[in-house]
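Below is one structure, written out as C-alpha cells, with a few remarks after it.
The values are calculated or read from the model by the stated rules, or taken from the named source; none is laboratory data. Keep in mind that this is a model prediction, so the values were computed, not measured. As a convention, Cβ positions derive from the backbone with ideal geometry for all residues, glycine included, and neighbour counts pool all protein chains shown. Just the protein is used for accessible areas: all its heavy atoms, side chains included, with ligands, DNA and RNA removed. Shrake-Rupley method; radii C 1.70, N 1.55, O 1.52, S 1.80 Å.
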Amino acid sequence: MSVEARGLVVVVEDEANIADILRLYLTREGFEVHVAPDGPSGLSSILELKPVAALLDVGLPGFDGTEICKRLRAQNNSTPVLFCTARDDEIDRVLGLEMGADDYITKPFSPREVVARVKAVLRRHGPAVEQTELVEFERVSIDPQTRHCTIAGVEVPLTATEFDLLLYLVSQPNKVFSRDQLMVEVWGYSSAVGSRTVDVHIAQLRAKLGEPDLIRTVRGVGYSAEVPE
Ligand code: CA
C-alpha cells in the first residue's frame, strides 16, 4: 500500500475487530495505519511515529485515551486527536476542560464517518491558512503565521482547534455565527451533535483567554467575537 499519499494515522484501540475495520477503511483512503492496543504503547507510538492524526479509544488497558491526550499536550505535542467514545459519560470526559481533544466520534460509528472526520481534522490542521495577518486589539494579539495567541504579552496555550475557532471568530469581528456555521467552517463538517462540541470549545477558549467579554453568546443564534472597531 502506498505510504506517500495522506500520511500515517495512529489508531489506539484494544478491540482487535474495531482496529481492523479502522485500519481497512483508512488504508483504503490512502492513509498508513499503525495500531497500538493500550495506553502506554499508544502514547509512545504517537511520540515516535509523529502521525498526521491519532484516533484514540477511551477505555484502554494501561491508561486510557484521555490520559494519552493529556500527556501529549503536557509535552506540547499538538498531534490532532480524535476520540472514539461509546458512552455519554465518556463524551463528557473527552470534552472536559484542558483536555486538548480536537473532536470525538460516538460508537457505533460508520467507518466512512471516521474517514470523513480524520480528513476534516487534517484539513483544519493543513498548511492552508486563509487569514495570515496579525490580529491585534486591546491586549489581545493573534498571529496566524506562528499560531500564537498572547494577552498583554503573555502566551495563551491554545489547542489547534481552539486557535482555529478564535481566529475564525475574530477574522470577522462582531459578526454572529451560528453553531452550525462554526462547525462547518472550523471543524469542516456539519453534525447533529455539533452544537455541543462548539459550546464546549467556546467555554474552554473563554476560560483560557480570561477575557469573558471577548466572545459573546447571542442567545438562540450563536457566538461572535466582540472586537472594538
Ligand atoms: Ca476499549
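Could you list, in sequence order, the residues of the stretch 10-40 that are assigned to a loop (DSSP other than H, G, I, E, B) and at pLDDT 95 or above? It would help to see each step written out before you state the result.
First pass over the stretch 10-40, keeping only residues assigned to a loop (DSSP other than H, G, I, E, B): 13-15, 29-31, 37-38.
Across the stretch 10-40, the qualifying residues are E13, D14, P37, D38.
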**Fill in**
Those strands (runs of 3 or more DSSP E) completely within the stretch 94-161 that have 1 or more residues that are at negative phi, exposed (fewer than 14 other Cβ atoms within 10 Å of the Cβ) and at pLDDT 80 or above are 135-137
**Complete:** Inside the stretch 20-40, the number of residues satisfying the requirement of being within 16 Å of the ligand (Cβ to nearest atom) and charged (D, E, K, R) is 3
**Fill in**
Exactly one of L60, L43, L55 is part of a helix (DSSP H, G or I), within 16 Å of the ligand (Cβ to nearest atom), at pLDDT 90 or above and buried (at least 21 other Cβ atoms within 10 Å of the Cβ), and that one is L43
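So which residues in the stretch 1-19 are touching a Leu at 6+ places or on another chain (Cβ under 9 Å), open to solvent by less than 10 Å² (accessible area, probe 1.4 Å) and within 16 Å of the ligand (Cβ to nearest atom)?
Going residue by residue through the stretch 1-19, those that are touching a Leu at 6+ places or on another chain (Cβ under 9 Å) are 6-14.
Narrowing the set further to residues that are open to solvent by less than 10 Å² (accessible area, probe 1.4 Å) leaves 9-13.
If the condition is that a residue be touching a Leu at 6+ places or on another chain (Cβ under 9 Å), open to solvent by less than 10 Å² (accessible area, probe 1.4 Å) and within 16 Å of the ligand (Cβ to nearest atom), then V10, V11, V12, E13 are the ones that fit.
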**Request:** Find the residue count for the stretch 34-73, including only residues that are among the β-branched types (V, I, T) and at positive phi.
**Result:** 0
**Request:** Tell me, yes or no, whether the stretch 63-86 has at least one residue that is touching a residue at least 40 places away in the same chain (Cβ under 8 Å), hydroxyl-bearing (S, T, Y), surrounded by fewer than 18 Cβ atoms within 10 Å (Cβ to Cβ) and more than 16 Å from the ligand (Cβ to nearest atom).
**Result:** yes
**Asked** open to solvent by 60 Å² or more (accessible area, probe 1.4 Å) and either of a type in the set (A, V, I, L, M, F, W, C) or closer than 19 Å to A101 by Cβ (or both) - does that describe any residue in the stretch 162-169?
**Response** no
